Amino acid sequence: MKYLKFKNSDEKVPIGKLVCVGRNYAAHAKELGGEASTEFPIIFLKPASNVIFSGESVIHPPYSENLHHEVELVLYIGEDIKNGTDEQAEKAIHGYTVGLDMTLRDLQFKFKEKGDPWTLAKCFDTAAVLGDVVLKKDYQLRGDENISLSVNDTVKQNTSISNMIFNAAQCVKHISSRMTLEKGDLIFTGTPEGVGRVVPGDKLFGEIENIGTIVTQISK
Ligand code: ZN
């Protein structure tokens, strides 16, 4: 079992399910050849066993030729919520962190073409990298924090989270209308444009203004 890491708290919270939002920045939907729609974007899951923490290495699966980085704002769900209102959705978010949704883009494109589930493009050991969770009592999200990711000191992704099509509370509200969210669940809110390939030896540095940083390197 894996436990969350918090800034300023020793609470032991087992990590639940990771619920990930697909196309939540219009410019990223475009770069993958899709359209951002006014309907809620696609949702997929990752298991908690995929999680590693900042400082640990992402292991490049040998069956992919195109491992991509996706830096994302991650929401920590601190209380159970089902069919939440706007207020309940906001209240269920107890904190924030930086996350990497590592993706096997070649497998994902193959699955998309065939209409198959993305599962094995998104789920593999080390596919989700997490920073420390900042609790809301220590920091209130403004909604326009900068989010960025560098590979070997070159900036690849860099924008404001205000470019999210659905904001943090809207993501929680929608997901809770489809499945119960429980304490310890994490919501990956989607990645901005600039995703790209990484190879063994690459060093990744992700940052969300006022929330934190994340470092990892790609290993064989
Ligand atoms: Zn993602």
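Step by step: first the residues of the stretch 32-49, then only those that are in a loop (DSSP other than H, G, I, E, B) and closer than 23 Å to residue 218 by Cα, then the one that is most open to solvent (accessible area, probe 1.4 Å). Which residue is that? Filtering first and then ranking leaves 47. Restricting attention to the stretch 31-50, the residues that are within 15 Å of the ligand (Cβ to nearest atom) and at pLDDT below 95 add up to 7. The single residue among 189, 180 that is at pLDDT 95 or above and more than 17 Å from the chain's Cα centre (by Cα) turns out to be 180. Applying a threshold of 7 Å to beta carbon distances and a minimum spacing of six or more residues, or different chains, the list of pairs starting in the stretch 17-28 at a residue that is more than 9 Å from the ligand (Cβ to nearest atom) and ending at one that is aromatic (Phe, Trp, Tyr) and in a strand (DSSP E or B) reads 18/188. Scan the stretch 77-94 and give yes if some residue there is among the hydroxyl-bearing types (Ser, Thr, Tyr), free of Cβ contacts under 8 Å to residues at least 24 places away in the same chain and open to solvent by 50 Å² or more (accessible area, probe 1.4 Å), otherwise no. There is no residue in the stretch 77-94 that is among the hydroxyl-bearing types (Ser, Thr, Tyr), free of Cβ contacts under 8 Å to residues at least 24 places away in the same chain and open to solvent by 50 Å² or more (accessible area, probe 1.4 Å).
Just one of the numbered conditions (1) among the polar types (S, T, N, Q); (2) within 12 Å of the ligand (Cβ to nearest atom); (3) under 16 Å from residue 212 (Cα atoms) is not true of residue 97: (2).
Looking at residue 70, is it under 19 Å from residue 213 (Cα atoms) and within 13 Å of the ligand (Cβ to nearest atom)? Criteria met by residue 70. Taking the stretch 1-31 as the range and being out of contact with any Asp or Glu (no Cβ under 8 Å at 6 or more places or on another chain) and either loosely packed, with under 15 Cβ neighbours inside 10 Å or part of a strand (DSSP E or B) (or both) as the test, the residues that pass are 1, 3, 10, 11, 12, 14, 21.
Report whether or not residue 77 is within 14 Å of the ligand (Cβ to nearest atom) and in contact with a His (Cβ under 9 Å, 6 or more places away or on another chain). Judged against the criteria, residue 77 is not a match.
Close Cβ contacts (under 7 Å, 6 or more residues apart or on different chains) running from residues in the stretch 160-182 that are on the phi > 0 side of the Ramachandran plot to residues that are aliphatic (A, V, I, L, M) and in a strand (DSSP E or B) are absent.
Cβ separations smaller than 8 Å between residues 6+ apart or across chains give the following pairs from the stretch 38-51 residues that are over 14 Å from residue 130 (Cβ atoms) to residues that are of a type in the set (Ser, Thr, Tyr) and open to solvent by 20 Å² or more (accessible area, probe 1.4 Å): 44/119. Can you name every residue in the stretch 50-66 that is in contact with a Lys or Arg (Cβ under 9 Å, 6 or more places away or on another chain), open to solvent by less than 70 Å² (accessible area, probe 1.4 Å) and not in a strand (DSSP E or B)? Once the filter is applied, which keeps residues that are in contact with a Lys or Arg (Cβ under 9 Å, 6 or more places away or on another chain), open to solvent by less than 70 Å² (accessible area, probe 1.4 Å) and not in a strand (DSSP E or B), the stretch 50-66 yields 50, 54, 60, 64, 66.
Among the residues of the stretch 161-207, just one is in contact with a strand residue (DSSP E or B) (Cβ under 6 Å, 6 or more places away or on another chain), hydroxyl-bearing (Ser, Thr, Tyr) and over 16 Å from residue 29 (Cα atoms), namely 176.
The values are calculated or read from the model by the stated rules, or taken from the named source; none is laboratory data. These numbers were taken from a predicted model, which means no experiment stands behind them. Here Cβ is always computed from backbone atoms with ideal geometry, including for glycine, and neighbour counts include all displayed protein chains. The protein model used for the area step is the full one, side chains on, heavy atoms only, and it has no ligands, DNA or RNA in it. Shrake-Rupley method; radii C 1.70, N 1.55, O 1.52, S 1.80 Å.
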